Structures are given as structure tokens and as C-alpha cells.
Amino acid sequence: MSLDKIETWLEMAEARLATARHLLDRPSGPYVDVIYLGGYGPECAVKALILHMIPEKSRLEFISAAFKSVSAHRVEELWALFKFLFRAWYLATNLTEEQLRNFTATLSLHAAAKRPIKEAFDDNNLNALLAEKQWSDLADLERSLGVPETNQENYRDIVTWSTTLRYSSEEKTREDAASFVASCEAILAWAKRNLQWLQEHAIPTKSS
């Protein structure tokens, strides 16, 4: 399994959702297990989108820094990271190799300190870099791509998910689980559509 390959993360997303769907078909549950396993689908899907924005040679280091913290299991945090990297690319301020190294190092420190991923943007003054750019065209593009916030019902379900569900004895109905899996599948489909769009629009390289 090559974690620096986008396909690996999509395969993991599909596998977790396939298992969740299999458990959903059991008449007796427990349906909290369906939700627990299903939640890894959107997580892996958004991680695939993030890795598309990172040069392949830098991905393993980036994964070690960004994907091994508590925040890396929160879809809301991962979505913020993807959106930042997407905006940096779209606005032609794609990070230089030096900026990416510094950002990766900051993410690693934040993971060790259990600090949110979002805080790493400000620590590297990267938000200020993007704030100088024109946002109106990008906002239109994000709306056309159908970012998760525009699909409120699905997105709301996903952001309530947590890996702590593996310890939960909470009763969930089959209807709860089926609705959650449907939301996960919608987010996975969204991620695949956007990966296809990104693959059709090559990311320009930028040297240090």
C-alpha cells in the first residue's frame, strides 16, 4: 500500500464504506459500528483531495506531519486544509518548496501539541499571502464545484463523526446508520468529481 498515491486513499474510502454497507444489512446491528466505519470514507476521500495538491515527492513527509494528529480525523479540519491548498493553487500562489517545507514542519509541531490544523495557516503567515488576492472568481468556482458547505445536510452529518465512536455503546437505529452512510457516499462522490476536475487542470509547479 503506497500512502503517497491518491488512488490508495480512494480505495480505503471505498473499502470502509463497503464494510459499513455490509454491516448495515445485518438485521441486528449494532448500527453504531456502521457509522464508525462509514466515517472513514469521507476522511480518506478528503485526504486524497489534499494529496493531489502536494507534489508527489513531498507527500510522505506531508502525510507524517498532517495526517497523524487528532485533527486529521476531523473532516471539518481536513476540508479547511484542502480549501487552503486549493485556493493557493487557484490564485497562482502555489506554495514554493521552501514554504511547503516550513508549512509541513509547522503541521508536525501542531500535531505533537494537539493543536488544530487551521492554526498552522496563521503561524506561517499563509492566510495573509492569500488575503492579497482577488476572491470573487474563486468563490464562483467553489460554488460550481459544490463544496461540502453547499450540501448542508450531508456535511452536518459528517462533521459530527468522531473516531471515539469505537468506544460508544450508544444505540443507533438502522435509519440513523442508513442516513449517515448515504451522506458519506455523497461526500465521496463529491470528492471524486473534484479530483477529476483537478486532474484535468494541471497544477503548475513553482520553484523556491
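If we count other beta carbons within 10 Å of each Cβ, what is the order of His22, His52, His73, fewest first? Could you put the intermediate results ahead of the total?
Values: His22 11, His52 21, His73 17.
Taking fewest neighbouring Cβ atoms as first place, the list is His22, His73, His52.
Taking the beta-carbon count within 10 Å as an exposure proxy, list Val46, Val159 from fewest neighbours to most. Don't skip to the end; give the middle numbers.
Details: Val46 26, Val159 15.
In increasing order of surrounding Cβ atoms, one gets Val159, Val46.
How large is ³J(HN,Hα), in whole Hz, for each residue of region 173-186 in order, when computed from phi with the Karplus curve 6.51 cos²θ - 1.76 cosθ + 1.60 and θ = phi - 60°, using x for Gly and Pro?
7, 5, 5, 4, 5, 5, 5, 5, 4, 4, 5, 4, 5, 5
Would you mind counting up the charge near Asp33? Only other residues with Cβ under 15 Å from its Cβ, with Lys and Arg at +1 and Asp and Glu at -1. Can you show the working numbers first?
Values: positive: Arg16, Arg21, Arg26, Arg166, Lys172, Arg174; negative: Asp25, Glu170, Glu171, Asp176.
My count for the surroundings of Asp33 gives +2.
Report ³J(HN,Hα) in whole Hz for each residue of region 69-85, in order, from the Karplus equation J = 6.51 cos²θ - 1.76 cosθ + 1.60 where θ = phi - 60°; Gly and Pro get x.
9, 4, 4, 6, 9, 9, 4, 4, 5, 5, 5, 4, 5, 4, 4, 4, 5
Bear in mind that the values in this text are calculations on the coordinates, not laboratory data. Note that this is a predicted model, so its numbers are computed, not measured. Glycine gets a Cβ as well: all are built from the backbone with ideal geometry, and neighbour counts include every protein chain shown.
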